[in-house]
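This report refers to the structure that appears directly beneath it.
Laboratory data are not the source of any read-out in this text; all were calculated from the coordinates shown. Since the structure is predicted, the reported quantities are computational estimates derived from the model, not experimental observations. Here the Cβ is made from the backbone with ideal geometry for all residues, glycine too, and neighbour counts use every protein chain on show.
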Amino acid sequence: MISGDTIAAIATAPGRGGVAIVRVSGPEAFAIAERLTGCAPAVGQAVLSRIASYSGDSSAAGKSIIDTGLLLAFKSPHSYTGEDVVEFQCHGGAVTPRRILEACFAAGARLARRGEFTERAFLNGKLDYGQAESVLDLVDAKTSRAADAALEGLSGRRRRALRTLYETALDLSTRLEHALDVDEGELPADFLPSIHSSLITLHSSLREAIAHANEGRLLRNGALVVLAGPPNAGKSSLMNALLEENRAIVSDVPGTTRDSIEEWIDLEGWPIRLTDTAGIREAKDEVEVEGVKRAEDLIAKADLVLWLSTPSSLIPHPSSLIPHPSSLLVHPKCDLGRGEGLNVSAKTGEGLGDLRRAIVAKLEEKVGRADFGEAPEGDVIALQESLTILSTLFPVPRSPFPSSDLVLLANAVRSAAERLGAAVGATYSRDMLDNLFSRFCVGK
């Protein structure tokens, strides 16, 4: 699936900086490096080189020096992509890296597509599909915890757990396909009960894996933690206290917050999307009606709701207003008097540490701990799709054996196995690869 061309791109972020890297990969990488530097690249060494323009002539005539920098060379298959790779480490900024890249084009390379370096690493067997996703997660990581999770994905441990599920589904599919090739009268008496038992086990394993795979989404997208409650409950003040900056407007006038305000915060490695919302009450005008509606929508989508109330508030806990599976009751003005739930003072700082720890504990409780914790998005989708396929056989977990139709069973299990196989890299399609690698930046 890899063409024989050579690709090049700037591998570092644009803008002002001390150092930039121009990466070249493919069969002509070493030749391009020699055309630009006048020297054959030395594998395994960092060589200080003068980098010149190129006009199709290997002689010095017509060349101009662009920069002086380090040239690194990696011989196939001992490189990131598995191909011959060279990297020009030059001065940063907007002009020099671009000029070196243009010289690479003149010397025979083309511009790499988004994620094409990592795609080549995948196609050359340097990474599996899940590890390629983990590369993207590592680049996008917003906290140290998210980076650690991505590195865990790169180690391959998570793939072994997913591969075990794939091999289980594949073995079950093989048994069913074999049964289709023989007369049903020749099947052992316990064949269908055995298949039924194996299907239930696989179905349950998929459900458990999905239940523990939520952390990857939270680390990738950030956990949505919503501050909710009646007007003047102290939501904006508490948000400012948690952020340690005056982000939200604080006023004694009820209904000051009309729209949601979202900011990122790092709590013990958890990326948190902390969101202040309009006070929940009978709105008095169209703008506030929309604000309350948005607040209710955010509460419904939240990973965790911090419900703020005061002793004088007549607004009840959200369990009786807007049901939510994960919430904390917070009394945010304990400097004026103690209340129900976690007692916190945005004014004095009392209880803020306890609140931060309680938020982390709720998120830990939400995701649990298992081999599929911190799973990348593609794994979660594969697990969910496989479970959906098998759920057509088991609308209710551990339901009675639904059918003795071996064709129906074989088709469903084969489809589930194929989806899991795609997740572990045993099978893949062009659309799958395009969907993944188009999310990378150019140069990775």
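For segment 1-150, the spherically averaged projection of the C-alpha convex hull amounts to 9.2 nm². Can you tell me the FRET efficiency between residue 354 and residue 75 if r is taken as the Cβ-Cβ distance and R0 is 45 Å, rounded to the nearest 0.05? In this case the efficiency is close to 0.20. Each label was represented as a point 7 Å from its Cα along the Cα-to-Cβ direction; for residue 293 and residue 13 these points are 3.8 nm apart. For residue 264 and residue 48, the difference between the fully extended length at 0.36 nm per residue and the C-alpha to C-alpha distance is 73.6 nm. For the pair residue 160 and residue 68, the difference between a 0.36 nm per residue extended length and the Cα-Cα distance amounts to 28.6 nm. Our estimate of slack between residue 5 and residue 139, defined as 0.36 nm per intervening residue step minus the Cα-Cα distance, is 45.6 nm.
For an R0 of 30 angstrom, estimate the FRET efficiency from the Cβ-Cβ distance between residue 392 and residue 189 and round to the nearest 0.05. Given R0 = 30 Å and the Cβ-Cβ separation, E is 0.70. Distance from the alpha carbon centroid of segment 292-309 to that of segment 113-137 works out to 38 angstrom.
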